[in-house]
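Trainee: There's a structure below that I have some questions on.
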Amino acid sequence: MTAFAEIPVADAEPDILDIYQRLMSAAGSGSPALIFRHLAVTPGLLNWVWRAIGADAEAGWVRDAVWRIVAEMAPVAIDPITPAVLSDTGIDRDARRQTGDMLTSYNRMNPVNLILMGAVRVLISGAEPTASVGAYVMEPSSPPIAPPDLPPPPAVASLNPDLQAAIRALCVTIPDVGAEVTATLYRHFAIWPRFMMTVAERLNPSLDALNEATLSLNDACAPLIEQVAERARERVSEPPPITNQVILLRVLDGFSYVIPHLVVVGQAIEAALPGEMPE
């Protein structure tokens, strides 16, 4: 299967890079999400999406609301990743700081992505409202300071075959969107191959629990998604600049699972890690 198309940060034109940077600032993150990098491939589409949801993303109320929802959910328990395990897998204090920055970025950005992309999916599908609207107070707030920008993640094809297989095994619950979707978090962790293999060994036995938590998180976020979608309807009157709505909705349907799944995965990994490496 072909790799999922995207425009990386390094290849983004100025208007696309501006949206990437505004997304990162709004979430206090060091990396724009894969789904936004994918939408950027279609000329004009990311700009259309940003007109629909950008104002609410930057206002901060969506970020605060979804972070509260996630904070109320207990992380899925996986085997601890102890300091000894980190040392054995090549993670020294500097690498622990880098992996911490990666988790911070994804654990901040992915919940926000869940709401924004959920609203975009509702908007493009033309679906009627399915949940109560207006339950969340739209109080503006400032984002936390973002960690340093994350380095470019390695391509899956560049990894050793065993690690490729382990990462693909973690992605078996991802719906088919017509191309191979690989969480960028896994690609970033694969900078340290033995560490990513250890993460995979801990996540794999918990895929059923992670799947259950994914579905629960989606249910909890439905009213907030609908509230943002209702506001997006007021901002864009023209249809999105796409030639095949079916293909785009297939991708957005898939990511309505991918994004919350990565939220619960990120929370599980963070809970399993020690706070700092000992001296």
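The values are calculated or read from the model by the stated rules, or taken from the named source; none is laboratory data. All values reported here derive from a predicted model rather than from experimental measurement. Glycine also receives a Cβ, built like all others from the backbone with ideal geometry; neighbour counts cover every protein chain displayed. SASA here: full protein model, heavy atoms, side chains in, ligands and nucleic acids out. Shrake-Rupley method; radii C 1.70, N 1.55, O 1.52, S 1.80 Å.
Trainee: At 0.36 nm per residue, and after removing the present C-alpha to C-alpha distance, how many nm does the segment from ARG68 to ARG250 gain when stretched out fully?
Mentor: Full-extension gain reported as 62.6 nm.
Trainee: Then there's this: When the dipole is taken about the Cα centre of the chain, and only Lys, Arg (+1) and Asp, Glu (-1) are charged at their Cβ, what size is it in debye, to the nearest 20?
Mentor: 180 debye
Trainee: While we're here: Please give, to one decimal in nm, the separation of the simple spin-label points placed at ALA222 and GLN164, each 7 Å out from Cα toward the Cβ.
Mentor: Each label point lies 7 Å from its Cα, and together they span 4.0 nm.
Trainee: Show the residues, 5+ positions off or on another chain, whose built amide H is closer than 5 Å to the amide H of GLU180.
Mentor: THR2, ALA3, PHE4
Trainee: Also, I was wondering about something else. Show GLU72, GLU139 ordered by accessible area, largest first, where the area counts protein heavy atoms only and the probe is 1.4 Å.
Mentor: GLU72, GLU139
Trainee: Sticking with this one: Non-local amide H neighbours of LEU273 (under 5 Å, H modeled in plane, Pro and chain starts lacking H): which ones?
Mentor: It is ILE81, by chain and number.
Trainee: Could you work out [θ]222 nm for the chain from helices alone, using -39500 (n - 2.57) per DSSP H run of at least four and dividing by all its residues? Round to the nearest 500 deg cm²/dmol.
Mentor: Dividing the helical sum by the residues of the chain leaves -19500 deg cm²/dmol.
Trainee: If you compute Rg and Dmax of the Cα atoms in Å for the structure shown, which of (i) 18.1, 58; (ii) 18.7, 54; (iii) 20.2, 68 do you land on?
Mentor: (i)
Trainee: Mind listing the phi-derived Karplus ³J(HN,Hα) values for region 208-215, rounded to whole Hz, using 6.51, -1.76 and 1.60 with θ = phi - 60°, and x for any glycine or proline?
Mentor: Ordered by residue, 3J(HN,Hα) equals 5, 5, 5, 5, 4, 5, 4, 5 Hz.
Trainee: For MET24, MET73, what's the largest-to-smallest order of accessible area, 1.4 Å probe?
Mentor: MET73, MET24
Trainee: Calculate, in nm to one decimal, what ARG194 and ASP208 gain on full extension: separation in residues at 0.36 nm each, minus their alpha carbon distance.
Mentor: Going from the current span to full extension adds 2.6 nm.
Trainee: I would also like to ask the following. I'd like the Karplus ³J(HN,Hα) series for region 181-189: coefficients 6.51, -1.76, 1.60, θ = phi - 60°, whole numbers in Hz, and an x wherever there's a Gly or Pro.
Mentor: Running phi through 6.51 cos²θ - 1.76 cosθ + 1.60 with θ = phi - 60° gives 9, 10, 4, 5, 4, 5, 5, 5, 4 Hz.
Trainee: Could you do me a favour and compute the accessible area per residue for region 75-216, 1.4 Å probe, result in Å²?
Mentor: For region 75-216, the solvent-accessible area averages 46 Å² per residue.
Trainee: Also: Provide the FRET efficiency to the nearest 0.05 for the ALA55-ALA127 pair, computing r from the beta carbons and using R0 = 22 Å.
Mentor: The calculated FRET efficiency here is 0.55.
Trainee: Okay, next question. Could you sort 261-269, 202-210, 34-42 so that the peptide with the highest average Cβ count within 10 Å comes first and the rest follow in order?
Mentor: 261-269, 34-42, 202-210
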